[in-house]
Amino acid sequence: MNPLYIVIFEDNTRFIGGDLQNSKWSLMPDKPIKEIIYRFFSTKISFSNYEAYNHLVEHAYINFNSKQITKSILLTKNNNTVIRLVVDYIAQTYYIDSVQFGKEYYQAATKGWKRGLTGYLPKTTYL
C-alpha cells in the first residue's frame, strides 16, 4: 500500500508517512522540510520550499463504535498565507485554496505545524 505522503527534509533524508488511520505526522523528526509529496486517489502533488507544513484528518462518527474518515487536509504556510489541499473521500474530490494564517481550519488556527524552509520560492507541482 502506498503511503499518504513522503517528506524530504533539508538534509535530503526522507520520512514515509502512514495512512488515513494513522498518518504518523506526530512521529516525524523535527527537521526542516524541503518537500512533501502527497498521494490520494490516482494523484500525486509536490509542495516544496514552504515555511511550514501541517496535516489534519477529519472524520465523522457513524455510530458510537466506529468513525469514518471524511477528509484529509494538507496545509502549507508562506508569509501570512496558508495553501490548503483538501481531499474529500466521501465525494471523491479535492480542491486547493488559500486562507489567512490563523484561520486555516474552520476560521481557527491549528496546532502541529512542522518547520519548512525560508528564503525560497514555494512551489506546488502535479506529478
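Some points to look at:
- Working from Cα pairs under 8 Å separated by at least six residues, relative contact order for the chain is 25 percent.
- In summary, the lysines within cross-link reach of K77, defined as a Cα separation below 23 angstrom excluding same-chain residues under 8 places away, comprise K24, K31, K34, K44, K103, K111, K114, K123.
- Debye-sum result for segment 37-86 in log10 I(q)/I(0), which assumes one identical scatterer on each alpha carbon, at q = 0.27 Å⁻¹: -1.03
- Less than 5 angstrom separates the built amide H of G116 from those of I33, A52, Y53, all sequence-distant by 5 or more or on a different chain.
- Size of segment 1-107 as Cα extents on the principal axes (Å, biggest first): 44, 32, 25
Only the coordinates and a few stated rules stand behind these numbers; no lab work does. The structure displayed is predicted, hence computed values, not measured ones.
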